[in-house]
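What follows is a set of notes on a single structure, which appears directly below.
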Amino acid sequence: MPDQYRAVVCRGFGAGDTRVEAVRRVPLQPHQVRVRLQASGVNFPDVLIVQGKYQLKPEFPFVPGTEGAGVIVEVGADGDANRVGSAVMVSMRTGAYAEEAVVADAKALPLPAGFSFAQGATFMVAHTTAYHAIATCGQVQVGQSVLVFGAGGGVGRAAVQIAKHLGAFVIGVASSAEKATLARDAGADVVLGPEPAELASGVLAQTRARGATEGVDVIYDPVGIAPEIALRCVAWGGRVLIVGFAGGTIPQYTANRVLLKGAAIVGVRAGEFGRRFPARRTVEIGEIVRLATIHRPVVTASYPLDHFADALAALEQRRACGRVALVAQDLKC
């Protein structure tokens, strides 16, 4: 096995300080595995972490990327040698934009049957975020209504799938016809455009037509929508799940308006929850892996490792539909 591999290395915040380099391989610890990556998932936090705008700021140099898929090529001293050659999905805080990754053996999950490597590399982050938000934080129940922003994107489409799996009526919000199609294919009952006036009136009309409480029970927001829109759309006593700020703006909620709506504004940090409550995350992961039998990511764009900047730009400029992956040169998504 050669002593080096290629990886995207960030030596300073900003595009000019991030490039593909040769990285020296490190020895395995007893409970680790080495995975030859065939694909790596591209997620919006990757955009922010490279720019120095994310809450996690690793020490330089670091390799961005939080998930991938590939084949185990080596196990540590305490590992199961029979796992060598197994196709797996892996997750980590950093390190996935590379030709290989070293992770704890528990972080290497079997690639679900029928999944391509690109699908495996783009499944866990989006579905963990969405499941933690919708099921754990949102406590969505059968018959409730959920409004999903960014429903044609990675974490939004996963939220649509999970909300439908839990028996909810789902209204998706999508900014293009292509994204609207992806949201409907994921199970959205209705898809609306993002224009504020039409969006609010459309949500209220849909919930009235169902004979339910006016407004939705849960809002899933990975975009950072205007508070006045969220508080118009949410039902009295509903929950607004703050998942992220892909739209580039951090909304400022006014306390008196939240009070008047009897609403809960819930911050969703799926990764931090898993680090603080590993036993509860294990339960969530079990449910998420079971969902893989019916919910596959739709990978609409793939880039070779050398074109990682193009992949990040597609997410930053909100051009991406579905999921985006970095893939090995000879692999197609």
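Read the figures in this text as sums done on the coordinates, not as results from a lab. Keep in mind it's a predicted model, so treat the numbers as computed, not measured. Quick reminder, even Gly has a Cβ in these numbers, built from the backbone with ideal geometry, and neighbours come from all protein chains shown.
Shown for 303, 54, 220: other C-beta atoms within 10 Å of each C-beta, ranked fewest to most, produce the order 54, 303, 220. Ranked by how many other Cβ atoms sit within 10 Å of their own Cβ, fewest first, the residues 294, 72 fall in the order 294, 72. Sorting 2-8, 221-227 by average packing, meaning the other beta carbons within 10 Å per residue, from highest down gives 221-227, 2-8. Taking Lys and Arg as +1 and Asp and Glu as -1, the other residues whose beta-carbon sits under 15 Å from that of residue 14 total +1. Straight-line cross-link partners of residue 57 among the aspartates and glutamates, defined as a Cα under 17 Å from its Cα and at least 8 positions apart when in the same chain: 17, 46, 272. So how far, in whole Å, is the C-alpha centre of region 219-297 from the one of region 1-69? Rounded to whole Å, the Cα centres lie 27 Å apart.
When peptides 31-39, 278-286 are ranked by their average number of other Cβ atoms within 10 Å per residue, the highest-first order is 31-39, 278-286. Beta bridges per DSSP, both residues in the chain: antiparallel share near 60 percent.
The aspartates and glutamates whose alpha-carbon is closer than 16 Å to the alpha-carbon of residue 261, local same-chain residues fewer than 8 away aside, are 214, 217, 228. As a rough guide to protection, the peptides 110-121, 188-199 ranked by mean Cβ packing within 10 Å, highest first, stand as 110-121, 188-199.
Return the tail of the calculated pair distribution for region 126-272, meaning the percent of Cα-Cα pairs more than 27 Å apart.
9
Going by a ≥ b ≥ c, the root eigenvalues of the Cα gyration tensor, does region 162-246 fall in the rounded group (a/c under 1.5), the prolate group (a/b larger than b/c) or the oblate group? Judged from the Cα gyration tensor, region 162-246 comes out rounded (a/c under 1.5). Indicate the gyration tensor shape class of the chain (rounded, prolate or oblate), computed on the Cα atoms with a ≥ b ≥ c the square roots of the eigenvalues: a/c under 1.5 is rounded; otherwise a/b larger than b/c is prolate and the rest oblate. In terms of gyration-tensor shape, prolate. Counting beta carbons within 10 Å around each of 127, 165, 307, 295 and listing the fewest first gives the order 307, 165, 295, 127. If the chain linking residue 249 and residue 60 were pulled fully straight, counting 0.36 nm for each residue of separation and taking away their Cα-Cα distance, it would gain 65.3 nm. Given their separation in residues at 0.36 nm each and the Cα-Cα distance between them, residue 26 and residue 51 gain 6.3 nm when the chain is fully extended.
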